[in-house]
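One structure is given below, encoded as structure tokens.
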Amino acid sequence: MTKGLAAAALFAIAWIAYLPGNMGCADSMWSIPTAVSLLDQHNPDLDEHLPILRARGFVFTQRIGGHYFTIYPLGTSIIAAPGVVVLRPLAAAIRRAAPSLWTWLDRVQRERGCPPLDDEPVIALHSWTEHLIASAIVAATVVVMFFVAAEQTSTATAIVVALLFAFGTSAWSTASRSLWQHGPSMFLLAVALLIQVRGGPLFWVGLLLAADYTVRPTNIIPLAVMGGWALLSAPRKLPQYLLGASLVLLIFAWTNLRIYGAWLTPYYTPGFYAKNAYVADALAGNLVSPARGLFVFSPIFLLSIVGAAMRAWARRLTLLDAAVAATIVLHWIAIAVSNGNWWGGDSYGPRFFCDLLPYLTFLLLPVFAALESARGARLALSAAAVGVLAVFSVAVHAQGALNRATSDWNAYPVSINIEPYRIWDWQRPQFLAGLTFTPAPLPPVDLGILACAAPPGVPGAPQIVENRGGTVVLQWQPAPGPVAIYLMDVGSRPGLSDEPPRESRDVFHPQVIARRVPPGTYYVRVRGRNRCGDGPSSPEVAVTIQ
């Protein structure tokens, strides 16, 4: 099989296989409306979409200079714009000429948890639009990784590596599900990597990696590290790299200044995310936790460490190998230190490692190259070990792509964003949701179980029983009168309730236990509830987490 035919087949297989399964409709929800605005209005504001902005409570948007924008970078919408051009007339034709197909698409999107929007067809079914474009971008990345692998292995082995990238990693379970930043990010990184392994012009490497930064701010790391690689490996060509990067970065800064009135948007500034107070937890969690661990969800990447070690042992470790490995390590540290939400919110597996999947796959190549030359028992044992890791990786990501229960795991029985300690729950790990257990909300409290003539009285003020290491235990005296459940309101300032609420179902010895609480001062109040209504709140108490 020729490489061209193999590449075409890989794209078709990946893109078609990515279409079934879960779709996303949260963070990425404004990527398609923004792309439409860029095409129609030649600007990224969402002002012409005010009805749907209001319908979704302006979530994930920001108002700057009297205009509404997505809070996320524009790079993804720019890359998606050609896809919107293709799909826009198709979506309009389906709604006009094939109402039964439109009804089916509408129903499937609703069943996958993404209610349609009241807008033009390509936006109304934006989750489908996102899914089709994201799947195509990731399928294209699979093709690029095939060509990267083919530089060091045979065509047959390169096909195997590309399929592992496609189905044994978060490329399938995350990047292809919706138009996150991750798909475009990994595509640009992969193309830059291909140019590097082929010894191509550094101008394009710098340009692509700078463009990658405009898609996702953490890509400043590969941009900087590969600048160092260019300096050490080809100092005379460093100006090419800098010229390509500068061209993109100057346009990026000028555009931001013109549109937002600042060189960088808030998403790129250090204060956008709260720093993580539990760095060790994040460092370990992003590698080996049962909900976000890279080596748990894609154990095939254990061989990336082996591949780098093989190169070092044989004294064949190149500057590019070292730069790739350094980028991965620095990225791992950065996502642990800089983001209090290091687990990536409602997601599946190691979402924050998606962007560097091309680099992790690149480090696998020495292992597969060695397999090609192995013989006898060594070949059998090595192939068996690789096969077990590969099959497990594919099975885990098939779960995330196809099983809705793995998405529900984030919310039930308690939101992962309220109780992040669930990330370490080995009894009910996310990748087994829907197989060994079914995530479900806590059963509703039967308010009618108690007779009442009035709401409960005022409960006692919460008392701090424990406040250590991010774990807080609060208890209080029960309220007079019948109580079915206690609710705790939490605020960042006195009188506010802008933090996730808590509840206590033990009405005789009420308490709330909160773990992994970020440092800060919180203001808490409790109130009882029965079928007659909510009682008055207790006196407010300030709780400071060091």
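Tell me, please, whether a residue that is within 16 Å of the chain's Cα centre (by Cα), closer than 30 Å to ALA26 by Cβ and buried (at least 19 other Cβ atoms within 10 Å of the Cβ) can be found in segment 359-379. Spell out the reasoning first.
Step one: filter segment 359-379 for residues within 16 Å of the chain's Cα centre (by Cα), giving none.
No, the conditions are met nowhere in segment 359-379.
In segment 429-462, what residues are of a type outside the set (A, V, I, L, M, F, W, C), touching a residue at least 40 places away in the same chain (Cβ under 8 Å) and surrounded by 12 or more Cβ atoms within 10 Å (Cβ to Cβ)?
PRO429, GLN430, PRO455, PRO456, GLY457, PRO459, GLY460, PRO462
Residues in segment 488-526 that are charged (D, E, K, R), within 17 Å of ILE464 (Cα to Cα) and in a strand (DSSP E or B): how many?
The total comes to 4.
Run down LEU189, LEU125, LEU132, LEU179 and say which single residue is more than 25 Å from PRO299 (Cβ to Cβ) and either in contact with a Pro (Cβ under 9 Å, 6 or more places away or on another chain) or acidic (Asp, Glu) (or both).
Among LEU189, LEU125, LEU132, LEU179, only LEU125 is more than 25 Å from PRO299 (Cβ to Cβ) and either in contact with a Pro (Cβ under 9 Å, 6 or more places away or on another chain) or acidic (Asp, Glu) (or both).
When only residues in segment 16-64 that are at positive phi and aromatic (Phe, Trp, Tyr) count, which is surrounded by the most Cβ atoms within 10 Å (Cβ to Cβ)? Working first, answer last.
Of segment 16-64, the ones at positive phi are 21, 42, 57-58, 60.
If we keep only those that are aromatic (Phe, Trp, Tyr) too, we end up with 58, 60.
Details: PHE58: 13, PHE60: 15.
Going through the qualifying residues, I end up with PHE60.
From the residues in segment 300-319 that are part of a helix (DSSP H, G or I) and β-branched (Val, Ile, Thr), which one is nearest to the chain's Cα centre (by Cα)?
ILE300
Need at least 1 residues that are of a type in the set (S, T, N, Q), without any contact (Cβ under 8 Å) to a residue 24 or more places away in the chain and farther than 18 Å from HIS131 by Cβ per element, so show me which helices (runs of 4 or more DSSP H) inside segment 1-92 make the cut, counting only ones lying wholly within it.
31-40
Just checking, does segment 269-281 include any residue being outside any loop (DSSP other than H, G, I, E, B), aliphatic (A, V, I, L, M), assigned by TED's automatic domain parsing to the domain that holds PHE431 and more than 30 Å from ALA35 (Cβ to Cβ)?
Taking every residue of segment 269-281 in turn, at least one turns out to be outside any loop (DSSP other than H, G, I, E, B), aliphatic (A, V, I, L, M), assigned by TED's automatic domain parsing to the domain that holds PHE431 and more than 30 Å from ALA35 (Cβ to Cβ).
The rows are residues; the columns are (1) closer than 19 Å to GLY345 by Cβ; (2) at pLDDT 95 or above; (3) not β-branched (Val, Ile, Thr).
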{"residue": "LEU264", "(1), (2), (3)": "no, no, yes"}
{"residue": "PRO270", "(1), (2), (3)": "no, no, yes"}
{"residue": "GLY285", "(1), (2), (3)": "yes, yes, yes"}
{"residue": "SER289", "(1), (2), (3)": "yes, yes, yes"}
{"residue": "PHE295", "(1), (2), (3)": "no, yes, yes"}
{"residue": "VAL306", "(1), (2), (3)": "no, yes, no"}
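Got a number for residues in segment 307-330 being in contact (Cβ under 8 Å) with a residue 24 or more places away in the chain and under 30 Å from ARG428 (Cα atoms)?
1
Among the residues in segment 281-292, are any closer than 21 Å to LEU223 by Cα and surrounded by fewer than 21 Cβ atoms within 10 Å (Cβ to Cβ)?
Within segment 281-292 (the criterion being closer than 21 Å to LEU223 by Cα and surrounded by fewer than 21 Cβ atoms within 10 Å (Cβ to Cβ)), the answer is no, since none of the residues qualifies.
Taking TRP254, is it surrounded by fewer than 24 Cβ atoms within 10 Å (Cβ to Cβ) and out of contact with any Leu (no Cβ under 7 Å at 6 or more places or on another chain)? Explain how you work it out, then say what you get.
Values: surrounded by fewer than 24 Cβ atoms within 10 Å (Cβ to Cβ): yes; out of contact with any Leu (no Cβ under 7 Å at 6 or more places or on another chain): yes.
Against the criterion (surrounded by fewer than 24 Cβ atoms within 10 Å (Cβ to Cβ) and out of contact with any Leu (no Cβ under 7 Å at 6 or more places or on another chain)), TRP254 qualifies.
Condition (residue is on the phi > 0 side of the Ramachandran plot and touching a residue at least 40 places away in the same chain (Cβ under 8 Å)) applied to segment 346-365: is it met by at least one residue? If you could, list the steps in order and put the result at the bottom.
Taking segment 346-365 as the starting set, the residues that turn out to be on the phi > 0 side of the Ramachandran plot are 349.
Still in the running and touching a residue at least 40 places away in the same chain (Cβ under 8 Å): 349.
Looking for residues that are on the phi > 0 side of the Ramachandran plot and touching a residue at least 40 places away in the same chain (Cβ under 8 Å), one finds at least one in segment 346-365, hence yes.
If the Cβ limit is 8 Å and pairs must be 6+ apart or interchain, which residue in segment 524-541 that is over 19 Å from PHE508 (Cβ atoms) and hydroxyl-bearing (Ser, Thr, Tyr) pairs with which residue that is at pLDDT 95 or above and part of a strand (DSSP E or B)?
Qualifying pairs under 8 Å: SER537/ASP489; SER537/ARG525; SER537/VAL526; SER537/ARG527.
Filter segment 409-423 for residues that are buried (at least 18 other Cβ atoms within 10 Å of the Cβ) and not β-branched (Val, Ile, Thr); which is modelled with the lowest pLDDT?
Across segment 409-423, the extreme among qualifying residues is PRO420.
The values are calculated or read from the model by the stated rules, or taken from the named source; none is laboratory data. Model, not experiment: these values are computed from the prediction. Counting neighbours? That spans all protein chains shown, and the Cβs are built from the backbone with ideal geometry, glycine included.
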